[in-house]
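The values are calculated or read from the model by the stated rules, or taken from the named source; none is laboratory data. In this text the structure is predicted, and so the values were computed from the model without any measurement. As a convention, Cβ positions derive from the backbone with ideal geometry for all residues, glycine included, and neighbour counts pool all protein chains shown.
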Amino acid sequence: MSEYVIRFLVGGVVVSAFAMLGDVLRPKSFAGLFGAAPSVALATLAIAIYQHGTDYAAVQSQAMMAGALALAIYSVVVCQLLVRARLRALPATLLSLVVWLVVAVGLLKLAGGAT
Amino acid sequence: MTSVRISPSSLREGRWYEYVVRFALGGGATVFAGLVSSHFGASVGGLFLALPAIFCASATLIETHEIRRKRKAGLAGERRGQEAAALDAVGAALGALGLLAFAIVFALTVKASISGAFIGASLAWLAVSVAAWYVRRKTRWARRRAGTAERVGGSALPRSH
């Protein structure tokens, strides 16, 4: 239980720090880089190394490559939904999560990762 | 070409509950990644280190702030809000390339040095993201200049009829 409390606090602090950094930077497209900052990764990988060792964290970071490529495609889809379909930000970002999940799992399967 | 700058006044636009939501989402995403890893293994859990949960919140907040700003000026602001969120999405797409670089460097170096892996991967994220943003910016600027020159040159040409 305490492990998940620590995860929650560490994740919350790291994500908030990157988000605030993104808030104060201009232009907006540059600030957007911080929307894909490795905030969750930093917190999770640090805890993974502490609990399971470097081999476990290495496997997680290999799978993260598929997640990152899926995130790039996800962001392009969100952009198109906002500009062309004129959806609002919340439905556009939530609907596109399906795209992220399908691409991420598909890439992991292609790479021969355990699913 | 607009240069990168810091605008601390942007922090005043945020409401206290927006920071609480982001903290909760960040904590929630980290807990979720841990739960997925423990139930389905490190490989599947690793995917969720690049989960766009935080992006959903930040894009929505950017849209809300833009609409609020336009409404204060007596305008509707919905379209500007969508455009601002779309710009944030473009940045996130470029940042995702940096995230890919982070994962590659981390996977290659973590067994040799833990602190080196964290530092090297973070620097790789920053370098690739900023480079991708800069290249896109330069390309767009050059294309826009070429378009303007073409239009000016085209109008200066005498018509054949």
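Can you find a residue that is at the interface with chain A (Cβ under 8 Å from one of its Cβ atoms), more than 19 Å from the chain's Cα centre (by Cα), free of Cβ contacts under 8 Å to residues at least 60 places away in the same chain and crowded, with 24+ Cβ neighbours inside 10 Å anywhere in the range B:43-63?
yes
Can you name the residue in the range A:15-31 that is in contact with a Ser or Thr (Cβ under 8 Å, 6 or more places away or on another chain), within 7 Å of another protein chain (Cβ to nearest Cβ) and not basic (Lys, Arg) and, of all such residues, is surrounded by the most Cβ atoms within 10 Å (Cβ to Cβ)? Write out each step before concluding.
Here is the first cut: in the range A:15-31, the residues in contact with a Ser or Thr (Cβ under 8 Å, 6 or more places away or on another chain) are A:15, A:17-19, A:22-27.
When the remaining residues are screened for being within 7 Å of another protein chain (Cβ to nearest Cβ), the result is A:15, A:19, A:22-27.
Adding the requirement that they be not basic (Lys, Arg) leaves A:15, A:19, A:22-25, A:27.
Working: A:Val15: 28, A:Ala19: 26, A:Gly22: 25, A:Asp23: 23, A:Val24: 15, A:Leu25: 19, A:Pro27: 17.
Only one residue fits best here, namely A:Val15.
Here are some conditions: (1) at the interface with chain B (Cβ under 7 Å from one of its Cβ atoms); (2) touching a residue at least 40 places away in the same chain (Cβ under 8 Å). A:Ala41 meets all but one. Which one does it not meet?
Going through the list (1) at the interface with chain B (Cβ under 7 Å from one of its Cβ atoms); (2) touching a residue at least 40 places away in the same chain (Cβ under 8 Å), A:Ala41 breaks only (2).
Please verify whether the range B:113-125 includes one or more residues that are over 25 Å from A:Ala31 (Cβ atoms) and either part of a loop (DSSP other than H, G, I, E, B) or in contact (Cβ under 8 Å) with a residue 40 or more places away in the chain (or both). So that I can check it myself, show each step before the final result.
So in the range B:113-125, the residues over 25 Å from A:Ala31 (Cβ atoms) come out as B:113-117.
Next, from what is left, pick out any that are either part of a loop (DSSP other than H, G, I, E, B) or in contact (Cβ under 8 Å) with a residue 40 or more places away in the chain (or both): B:113.
Yes, the range B:113-125 contains at least one residue that is over 25 Å from A:Ala31 (Cβ atoms) and either part of a loop (DSSP other than H, G, I, E, B) or in contact (Cβ under 8 Å) with a residue 40 or more places away in the chain (or both).
Could you list, in sequence order, all residues of the range B:8-48 that are of a type in the set (S, T, N, Q) and within 23 Å of A:Ile47 (Cα to Cα)?
Matches in the range B:8-48: B:Thr30, B:Ser37, B:Ser38, B:Ser43.
Is it the case that the range B:27-34 has a residue that's at pLDDT 85 or above, over 17 Å from A:Leu90 (Cα atoms), surrounded by fewer than 24 Cβ atoms within 10 Å (Cβ to Cβ) and of a type in the set (Ser, Thr, Tyr)?
No, every residue in the range B:27-34 fails to be at pLDDT 85 or above, over 17 Å from A:Leu90 (Cα atoms), surrounded by fewer than 24 Cβ atoms within 10 Å (Cβ to Cβ) and of a type in the set (Ser, Thr, Tyr).
Report yes if some residue within the range B:117-125 is over 14 Å from the mean Cα position of the chain (by Cα) and aromatic (Phe, Trp, Tyr); otherwise report no.
Pass one, the range B:117-125, residues over 14 Å from the mean Cα position of the chain (by Cα): B:117-124.
Within this subset, residues satisfying the condition of being aromatic (Phe, Trp, Tyr) are B:118.
The answer is yes, given that some residue of the range B:117-125 is over 14 Å from the mean Cα position of the chain (by Cα) and aromatic (Phe, Trp, Tyr).
Go through the range A:71-99 and report how many residues are facing chain B (nearest Cβ under 7 Å), hydrophobic (A, V, I, L, M, F, W, C) and touching a helix residue (DSSP H, G or I) at 6+ places or on another chain (Cβ under 6 Å).
Adding up the residues that qualify gives 9.
Can you go through B:Ala84, B:Ala131, B:Ala92 and tell me which one is in contact (Cβ under 8 Å) with a residue 40 or more places away in the chain, small (Gly, Ala, Ser) and closer than 20 Å to A:Arg26 by Cα? It would help to see each step written out before you state the result.
Numbers: B:Ala84 fails: in contact (Cβ under 8 Å) with a residue 40 or more places away in the chain; B:Ala131 fails: in contact (Cβ under 8 Å) with a residue 40 or more places away in the chain.
Within the list B:Ala84, B:Ala131, B:Ala92, the selection yields B:Ala92.
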